[in-house]
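Remarks on the structure that follows.
Coordinate-derived values only; no laboratory data. Just so it is clear, the structure is predicted and the values come from calculations on it, not from any experiment. A quick note on method: Cβ atoms are made from the backbone with ideal geometry, for glycine too, and the neighbour counts reach across all protein chains shown.
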Amino acid sequence: MHVYPCRFAVLVAFTSALAWGQDQAARAPKKPDPGAMFAGPDRVDPQVAERGKKIFVPACGFCHGADAAGKSAPDLIRSQLVLHDEGGSLIGPVIHDGRPDRGMPAFPALTKEQIADIGAFLRSRKQATSNRFGYVIQGLLTGDAKAGKAYFDGEGKCSTCHSPEGDLAGIASRYEPVDLQRRFLTPGTSMMDMFMGKKGNPLPPARVNMKLPGGETVAGTLVRADEFNVELRDEAGWHRSFPREGAQVEIHDPLSFHREQLARYSDTDMHNVLAYLETLK
Ligand code: HEC
Ligand code: HEC
């Protein structure tokens, strides 16, 4: 399998994970909408809000709270900017460019559509808080730990790489739920961690094997690969770059399972796995 991580592998993993999350939401079966009964004319499409939520929780929840009600960063439910936003018109520039001097990071990789989905999610939160019959955001800890464990050992194949007594022992004491959720969905140090100066576990690097047109083989740690070139650090520690043309390239990325897994999770499995991981204190 060929993947093309660039120098900012974490960034790529993170943003493409967002895209996968969105695909997943688009494919998810329609759920009953308990808010519909009490809906006003400008009711938010719950499917769109759900897509926005999938982007918001891992990317923004850490600072703004998973329910957008504010944490280290301001409440976005009562924000005037969000209130008057239409399809991303006002929040778009803030999200795209950030306010780096004031602690709001830039998210230049989010598309207009993703930002509009986030806007819909924030509006749905506003409506949910002003209408107590409206649907309540699915709490982070609504899952069933037993079912999560069964998934971990079975269908999810998690136990083929991880162990609750080994690498994941005590993981729930190391991270709070929002962060833990983000880590099992998109492992490694996130943009937010870097921004907040937190060190996460470094991601295991991808390995590359190349057979050059002349027959010579080289192997090493992938530095970056694009359509034209492959850069690697060879066994002796040298940074080398080769044109891709005519060469055979094999890239093994230990995180490819996690990227593909993101599209396989149902919401229920995701909540159950989190509930299970939460028991590993
Ligand atoms: C590292 C923490 C952090 C993350 C992550 C973060 N924000 Fe923010 N955000 C902030 C801070 C701090 C502010 C307040 C900036 C200010 O005072 O102007 C802010 C402000 C905002 C505002 C402006 C609110 C207003 O009323 O002016 C919006 C909209 C916003 N953030 C959306 C998002 C979205 C959407 C995401 C995820 C894609 C996100 N933020 C991720 C810290 C964060
Ligand atoms: C093919 C191997 C593989 C499989 C299968 C796998 N993972 Fe991972 N996982 C990794 C790698 C590699 C990392 C990143 C390095 C690390 O954090 O250990 C990781 C990281 C994690 C982390 C973050 C650990 C931390 O300390 O930040 C969690 C939690 C996690 N995986 C949960 C799961 C769950 C739940 C499943 C099953 C749905 C799963 N993994 C399946 C390889 C795998």
- Message: If amide hydrogens are placed 1.01 Å from N in the peptide plane, which non-local residues have theirs closer than 5 Å to the one on GLY220?
- Response: VAL208
- Note on the structure: Going residue by residue through the stretch 83-96, the Karplus relation 6.51 cos²θ - 1.76 cosθ + 1.60 with θ = phi - 60° gives ³J(HN,Hα) values, rounded to whole Hz and with x marking Gly or Pro, of 4, 9, 6, 10, x, x, 4, 9, 7, x, x, 5, 6, 5
- Message: Taking loop as defined by DSSP and a crowding limit of 16 other beta carbons within 10 Å, which GluC sites (Glu not before Pro) in the stretch 220-265 fit?
- Response: GLU227, GLU235, GLU245
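Once you have the Cα-Cα distance between ASP153 and GLN47, take 0.36 nm times their residue separation minus that, and quote the gain in nm to one decimal.
Values: separation 106, 0.36 × 106 = 38.16 nm, distance 3.08 nm.
Length gained between ASP153 and GLN47: 35.1 nm.
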- Between GLU260 and ALA73, what FRET efficiency follows from the Cβ-Cβ distance if R0 is 25 Å, with the result rounded to 0.05? 0.20
- Query: Is any residue of the stretch 248-269 close enough, with backbone N under 18 Å, to a label point placed 7 angstrom from the Cα of HIS162 along the Cα-Cβ axis, and if so, which?
  - Reply: 254-269
- Name the residues whose placed amide hydrogens come within less than 5 Å of the amide hydrogen of MET104, ignoring near sequence neighbours (fewer than 5 apart) on the same chain. ARG99
- Query: Per 10 Å bin, what is the whole-percent P(r) computed from every C-alpha pair distance within the stretch 31-130?
  - Reply: 16, 53, 26, 5, 0
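What full-extension length gain, to one decimal in nm, is calculated for LYS146 and LEU280 as 0.36 nm per residue of separation minus the Cα-Cα distance?
On the way: separation 134, 0.36 × 134 = 48.24 nm, distance 1.24 nm.
Residue separation times 0.36 nm, minus the Cα-Cα distance, leaves 47.0 nm.
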